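Visitor: Starting off with a structure, shown below.
The values are calculated or read from the model by the stated rules, or taken from the named source; none is laboratory data. Everything quoted here is computed from the prediction, not taken from an experiment. Areas reflect the complete protein model, heavy atoms only, side chains present, ligands, DNA and RNA absent. Shrake-Rupley method; radii C 1.70, N 1.55, O 1.52, S 1.80 Å.
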Amino acid sequence: ELLVEKGSDAFRMSDIVERAGVPFGSLYQYFPDKTAIIGTLAERYNVIGHECVRKELEAMRGEEDMHPALGRITDGFYQMYRKEPVMAAIWQATLADRALQDIDRHDCEYLADLLGEAMLPFSGDDPEEIGTFSRLTITLIGAAVRYAITLDEPEAQRVLAQFKAMLP
């Protein structure tokens, strides 16, 4: 709540201490700084995203299933961002912090690996090409969703519809 209310720049450890009513020492025992708190939140939401992507990819039976699955993954992430505003605040914090950028990069790599593994059984491409394709696709889905959440709902839906039409 504090991260959403104040934004990542104005969010302070003392805000948590005040709101939660815990001593500074107790908070610092688990979280040395606000990056550690935001990183923990990011990792928790990443796990939820991993499960959603995994479900969609496990349902793929052939190449014809890829486009609909990628569209549903895009929609799923968009809905997560809309339902959980803290995800947008986490993303904003990621833009300026190397440790958080590392968490985001590892998340994208994990999702790209899931996509690549799902494609291998029906793709004639070599694994290196599939890896490049998967990383680029996951990166573009993330960029499209993050752009869409900055728009009002009708415009966001138009942007996402056009993006999904561009997917392979």
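Visitor: Rg to Rh for region 118-168: what is it, with Cα atoms only and Rh by Kirkwood?
Guide: Using Cα coordinates only, the ratio equals 1.12.
Visitor: Among the lysines in the chain, how many pairs, 8 or more places apart or on different chains, have alpha carbons under 30 Å apart?
Guide: Eligible lysine pairs with Cα atoms under 30 Å apart amount to 6.
Visitor: Counting helices only, and only those DSSP H runs with n ≥ 4, report the 222 nm mean residue ellipticity of the chain as the sum of -39,500 (n - 2.57) divided by its residues, in deg cm²/dmol to the nearest 500. Before the final figure, lay out each step's value.
Guide: Details: 9 runs with 135 residues, N = 168.
Result for the chain, helices only: -26500 deg cm²/dmol.
Visitor: What residue among 92, 29, 101 shows peak mean-square fluctuation when the chain is described by a Gaussian network model with Cα springs under 10 Å?
Guide: With Cα springs under 10 Å in the chain, the top fluctuation among 92, 29, 101 is at 29.
Visitor: Taking the chain as a Gaussian network, where each spring joins two C-alpha atoms under 10 Å apart, which residue of 150, 137, 74 fluctuates the most?
Guide: Highest fluctuation among the options: 150.
Visitor: A follow-up question, please. Working with all protein chains in place, sort 100, 95 by solvent-accessible area computed with a 1.4 Å probe, largest first.
Guide: The ordering from most to least exposed comes out as 95, 100.
Visitor: Moving to a separate point now. Hey, how many Å between the Cα centroid of region 90-168 and the Cα centroid of region 33-70?
Guide: Measuring centre to centre over Cα atoms gives 10 Å.
Visitor: Measure off, as a whole percent, the carbon and sulfur share of the 1.4 Å-probe accessible area of region 46-93, all protein chains present.
Guide: 55
Visitor: In whole angstrom, how long is each semi-axis of the equivalent ellipsoid of region 17-99, when you take the square root of 5 times every eigenvalue of its Cα gyration tensor and sort them from largest down?
Guide: Those come to 35, 12, 11 Å.
Visitor: Over the chain, with a Gaussian network built from C-alpha contacts below 10 Å, which listed residue (22, 145, 47) shows the highest mean-square fluctuation?
Guide: Taking springs between Cα atoms under 10 Å, the residue moving most is 22.
Visitor: How much solvent-accessible surface does residue 106 expose, in Å² to the nearest 10, with a 1.4 Å probe and all protein chains in place?
Guide: 100
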